[in-house]
Amino acid sequence: MVEHVERTRVAWVDTDAGGRIHFTAAFRWAEMAEVGLRRKLGLVDGWGDYPRRRVEAEFLRVLVFEDEIEVRIRPEQLGRTSITWAFEITREGELCVRGTLIVVHVDAEGRPAPLTEKERAVLGGS
């Protein structure tokens, strides 16, 4: 299975007035891991051609400023024009956030376009 892990720390800017992460931070971290995986696999070209169609997250444990976290991402499903990324955010091995990002490959006019053969080959699609 293709997978990537990014290690980072909860920054002050990631938190709300109560010192807990703002929900949007989880999606930024997932995108950071997505870029890391695409970079590792040689899939960074055409990066702007994958707008988000749907994002979801389940927040299981509180994360706060200075927590050290791992963000793990993998392709869960390849459609004809889309990729569903599954991600998990852990602290010291404890699952804190899990979610998905569904991205759609689009052409120059913004219409859905088939994933490339290279993507299918390296991400495990047929």
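Listing for the model above:
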quantity: Test: residue in the range 81-89 that is in contact with a Cys (Cβ under 8 Å, 6 or more places away or on another chain) and open to solvent by less than 40 Å² (accessible area, probe 1.4 Å); calculated: yes
quantity: Residues satisfying the stated conditions in the range 73-126, i.e. among the polar types (S, T, N, Q), under 16 Å from Val2 (Cα atoms) and touching an Asp or Glu at 6+ places or on another chain (Cβ under 7 Å); calculated: Thr84, Thr100
quantity: Qualifying positions in the range 1-29 - over 12 Å from Ile73 (Cα atoms), in contact with a helix residue (DSSP H, G or I) (Cβ under 7 Å, 6 or more places away or on another chain) and in contact (Cβ under 8 Å) with a residue 60 or more places away in the chain; calculated: Thr8
quantity: Selection count, the range 1-54, where residues are open to solvent by 70 Å² or more (accessible area, probe 1.4 Å), basic (Lys, Arg) and in a helix (DSSP H, G or I); calculated: 3
quantity: Residue in the range 60-75 that is part of a strand (DSSP E or B), out of contact with any Cys (no Cβ under 8 Å at 6 or more places or on another chain) and without any contact (Cβ under 8 Å) to a residue 12 or more places away in the chain present; calculated: no
quantity: All positions within the range 61-80 that are closer than 20 Å to Val10 by Cα, open to solvent by less than 60 Å² (accessible area, probe 1.4 Å) and of a type outside the set (Asp, Glu); calculated: Leu63, Val64, Ile69, Val71, Ile73
quantity: Selection from the range 106-123 of residues that are farther than 17 Å from Pro75 by Cβ and surrounded by fewer than 12 Cβ atoms within 10 Å (Cβ to Cβ); calculated: Asp107, Ala108, Glu109, Gly110, Arg111
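The values are calculated or read from the model by the stated rules, or taken from the named source; none is laboratory data. A quick note: this is a predicted structure, and the numbers were derived from the prediction, not measured. All Cβ positions, even for glycine, are placed from backbone atoms using ideal geometry, and neighbour counts span all protein chains on display. Ligands, DNA and RNA are stripped out before the accessible areas are found, and what is left, the full protein with its side chains, is counted by its heavy atoms. Shrake-Rupley method; radii C 1.70, N 1.55, O 1.52, S 1.80 Å.
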